[in-house]
1. Fully extended, how many nm does the chain gain between Ala119 and Ser68 (0.36 nm per residue separation, minus their Cα-Cα distance)?
2. In nm, give the distance between the simple-model label positions of Met143 and Ile49, each being 7 Å from the Cα along the Cα-to-Cβ direction.
3. Around Glu92, what is the net charge, scoring Lys/Arg as +1 and Asp/Glu as -1 over all other residues with Cβ under 15 Å from its Cβ?
Amino acid sequence: MRIIFSGLIVLTLAGCVTAPVPRGEMVRRIGAAGVPISASVQVPPESRIVYVSGTVPDAIDPKAPEGSPARYGNTYAQTRSILDKIEVILREQRMGMEDIVMMRVFLVAPPGQARMDFAGMMRAYIERFGTAAQPNKPARSTMQVAGLVNPGWLAEIEVTAARNDRFDPVIIPTGNAR
């Protein structure tokens, strides 16, 4: 009885083992063509991965009071500033915006509003992702938070970038809309 039971356990565990991912694969992005984000991104094991910490906007009006949204601009302006800074950070790592595979966006509702300015963030986002010049789209989460460290900040973004230097990234359109 023990031999049969042990054999069943071995067979069950063998069924759970997955085949290794073949070496030399490209970063694969899966998602619907008309959607601004990828539903998923597969990163092969030999890829270089860079994690960029939460990045916040630069002041656009240094004369405005510290801690005020006027100092940093609206959600659109802050998102553009942040994406510019992320691009510089990635270039220092020999990567670019096209290599971003995951993005987490934290938004605060502008003063006097109950909800985050998702449209403002998206206006800046679609200038950089899913364009003819840069068609790659990361997987992304966007959430409203109660506040950020500086009360003038309406946005903070962190990203993960991956690059397999042997291949260019590939986009795989699907019919699955999100």
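No lab work stands behind these numbers, since they all come straight from the coordinates. Quantities reported herein were computed from a predicted structural model and do not represent experimental measurements. A quick note on method: Cβ atoms are made from the backbone with ideal geometry, for glycine too, and the neighbour counts reach across all protein chains shown.
1. Full extension of this stretch gives 16.3 nm more.
2. Reported label-point gap for Met143 and Ile49 is 1.9 nm.
3. Result for the local shell: +2.
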